[in-house]
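Trainee: Attaching a single structure in C-alpha cells format; questions to follow.
Nothing in this text is a laboratory measurement; each read-out follows from the coordinates by a stated rule. Bear in mind the structure is a predicted one, so any value in this text is a computation, not a measurement. All Cβ positions, even for glycine, are placed from backbone atoms using ideal geometry, and neighbour counts span all protein chains on display.
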Amino acid sequence: MGLFSFGSKKNKVIKMLSEGDTESILRSAAKDPKYVDAIVELFTEENPGIRGDVLLLVGELTTRHRDLMMPYVEEGLPLKVLSLVNDPDPYVKENAMQTFEIMLRYFPWVGEKFRNEIASLLLDVLQVGDKNRKAFAILMLGRLKVKEAIPLIEELKNVSDAVILPLEGIKWVPLGEIADRVIKELGGGVND
C-alpha cells in the first residue's frame with residue numbers, strides 16, 4: 001500500500017468488513033464519499049457475504065445520511081439494489097429486499113423517477129422468483145401502484161404456500177393472501 005490514499009477505498013472497506021468494523025465504515029463514508037463509491041463498487045464482488053454486508057451498509061447510510069446518499073440514489077442506486085433481490089444467496093437477497101424498501105421509504109420519489117425500470121425488475125421477480133421473492137415483489141408493486149401487475153398477481157391468489165412476510169418481521173402468511181390484499185389495494189378484484 002502506498003504512502004498516500006488516492007483512488008478507491010475498496011480494499012479498506014473489505015478489510016474493515018472482515019474485521020466486523022461496520023461503524024468505522026459508516027463514519028468514514030460520512031466524511032469521505034470515496035467510501036460510498038467503494039461500497040457501491042462492491043455490489044459486484046464475488047463473495048456473497050461482502051455483497052450482503054454492503055447492502056446493509058447502504059441501508060444504514062440511507063437511514064443515517066440521507067443527503068450523502070441522494071446523488072447515488074439519483075444515479076440509479078435503487079435499481080442496483082433491486083437487481084440483487086434475484087441473487088442466489090439468501091443473505092444477499094434478504095438484505096437487498098430490506099435496503100430497497102428503506103430507499104423507497106427515505107426517497108419516495110424513486111418509485112416515480114425509475115418507475116418503468118423498477119416495475120420491469122419487480123415483474124421479472126414476480127415471474128421467476130421463489131415464493132418469498134414473489135411476496136416481496138407483490139408488496140412493492142402494490143406500494144408503487146403498478147396496476148398493470150394485477151393480472152400476474154391474480155395468478156398467485158390461490159397459492160396457499162406460506163411465506164415470511166418480507167419487511168414485516170417473522171410472520172407466516174399465505175402468498176395468496178398477500179396477492180389478494182394487494183390486488184384490492186390496486187383496485188382490482190372488485191367483482192370477486
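Trainee: Can you flag which of LYS9/LYS31; LYS10/LYS34; LYS93/LYS113; LYS93/LYS131; LYS113/LYS184; LYS157/LYS184 are past 19 Å Cα-Cα? Mind showing how you got there, number by number?
Mentor: On the way: LYS9/LYS31 13 Å; LYS10/LYS34 9 Å; LYS93/LYS113 23 Å; LYS93/LYS131 13 Å; LYS113/LYS184 25 Å; LYS157/LYS184 11 Å.
In this structure, LYS93/LYS113; LYS113/LYS184 lie more than 19 Å apart at Cα.
Trainee: Say the dipole of the chain comes from +1 at the beta carbon of Lys and Arg and -1 at that of Asp and Glu; which of MET97, ALA30, SER83 then lies farthest toward its positive end?
Mentor: Going by the Cα projections, it comes out as ALA30.
Trainee: What is the magnitude of the charge dipole of region 14-96 about its Cα centre, with +1 placed on the Cβ of each Lys and Arg, -1 on the Cβ of each Asp and Glu, and no other charges, expressed in debye to the nearest 20? Mind showing how you got there, number by number?
Mentor: Working: 9 positive and 16 negative charges, 40 e Å.
Dipole size: approximately 200 debye.
Trainee: A further question on this structure: Assigning unit charges at the beta carbon (Lys, Arg +1; Asp, Glu -1) and nothing else, what dipole magnitude in debye, to the nearest 20, does the chain show about its Cα centre? Spell out each step's value before the answer.
Mentor: Numbers: 25 positive and 30 negative charges, 84 e Å.
The dipole magnitude comes to about 400 debye.
Trainee: While we're on this one: When 1/r is averaged over all different Cα pairs and the result inverted, which Kirkwood radius in Å belongs to region 75-123? Could you put the intermediate results ahead of the total?
Mentor: Details: mean 1/r = 0.0929 Å⁻¹.
With all distinct Cα pairs of region 75-123 included, I get 10.8 Å.
Trainee: Now for a different question. Classify region 70-192 as rounded, prolate or oblate, taking a ≥ b ≥ c as the square roots of the eigenvalues of its Cα gyration tensor: rounded when a/c is under 1.5, otherwise prolate if a/b is larger than b/c and oblate if not. Please list the in-between numbers first.
Mentor: Numbers: a/c = 1.93, a/b = 1.34, b/c = 1.44.
Oblate is the answer for region 70-192, as a/c is 1.5 or above yet b/c matches or exceeds a/b.
Trainee: Mind giving me the nanometre distance, one decimal, between the label points for VAL173 and MET70, set 7 Å out from Cα along Cα→Cβ?
Mentor: Each label point is offset 7 Å from its Cα along the Cβ direction, giving 3.3 nm.
Trainee: Relative to the longest principal axis of the C-alpha atoms of the chain, give the angle of the C-alpha long axis of helix 48-64, reported between 0 and 90° and rounded to the nearest 10°.
Mentor: 90 degrees
Trainee: Relative to the Cα centre, what is the charge dipole magnitude of region 79-158, using +1 at the beta carbon of each Lys and Arg, -1 at the beta carbon of each Asp and Glu, and rounding to the nearest 20 debye? Mind dumping the intermediate values first?
Mentor: Working: 12 positive and 11 negative charges, 54 e Å.
Taking the Cα centre of region 79-158 as origin, the dipole is about 260 debye.
Trainee: Let me ask another. Report the full-extension gain for the segment ARG181 to SER8: residue separation times 0.36 nm, less the Cα-Cα distance, to one decimal in nm. Walk me through the numbers before you get to the answer.
Mentor: On the way: separation 173, 0.36 × 173 = 62.28 nm, distance 4.58 nm.
Full-extension gain reported as 57.7 nm.
Trainee: Something else: Summing +1 for each Lys or Arg and -1 for each Asp or Glu, what net charge is found among the other residues whose Cβ lies under 12 Å from the Cβ of ALA29?
Mentor: Working: positive: LYS9, LYS12, ARG27, LYS31, LYS34, ARG64; negative: GLU23, ASP32, ASP37, GLU60.
Net of charged neighbours comes to +2.
Trainee: Loop-only chymotrypsin sites (Phe, Trp or Tyr not before Pro) in region 65-155, please: DSSP not H, G, I, E or B, and at most 13 other Cβ atoms within 10 Å.
Mentor: Numbers: sites: TYR72, TYR91, PHE100, TYR106, TRP109, PHE114, PHE136; in loops: TRP109, PHE114.
Filter output for region 65-155: TRP109.
Trainee: How high is the relative contact order of the chain, in percent, counting Cα pairs under 8 Å that sit 6 or more residues apart?
Mentor: Details: 225 pairs, mean separation 25.5, N = 192.
This gives 13 percent for the chain.
Trainee: Kirkwood-based Rg over Rh for region 1-157 (C-alpha set), two decimals?
Mentor: Values: Rg = 16.4 Å, Rh = 16.2 Å.
Ratio value, two decimals: 1.01.
Trainee: Let a ≥ b ≥ c be the square roots of the eigenvalues of the Cα gyration tensor of region 13-85; is it rounded (a/c under 1.5), or, if not, prolate (a/b larger than b/c) or oblate? Don't skip to the end; give the middle numbers.
Mentor: Details: a/c = 1.80, a/b = 1.07, b/c = 1.68.
Oblate shape, in that a/c is at least 1.5 and b/c is the bigger or equal ratio.
Trainee: Which residue, chosen from TRP109, LEU144, LEU175, occupies the Cα position most advanced towards the positive end of the dipole of region 94-192, where the dipole is computed from +1 (Lys, Arg) and -1 (Asp, Glu) charges on Cβ about the Cα centre?
Mentor: Result: TRP109, furthest along the dipole toward the positive end.
Trainee: If Lys and Arg each add +1 and Asp and Glu each add -1, what is the summed charge of the other residues whose beta carbon sits under 13 Å from the beta carbon of LEU152? Can you show the working numbers first?
Mentor: On the way: positive: LYS134, LYS147, LYS157; negative: ASP124, GLU148, GLU154, GLU155.
Around LEU152, the surrounding residues sum to -1.
Trainee: Let me ask something additional. Would you please state which residues of region 150-165 a label at LYS131 would reach in this model, taking the label point 7 Å out along Cα→Cβ and a backbone N cut-off of under 12 Å?
Mentor: Label zone hits: 158-165.
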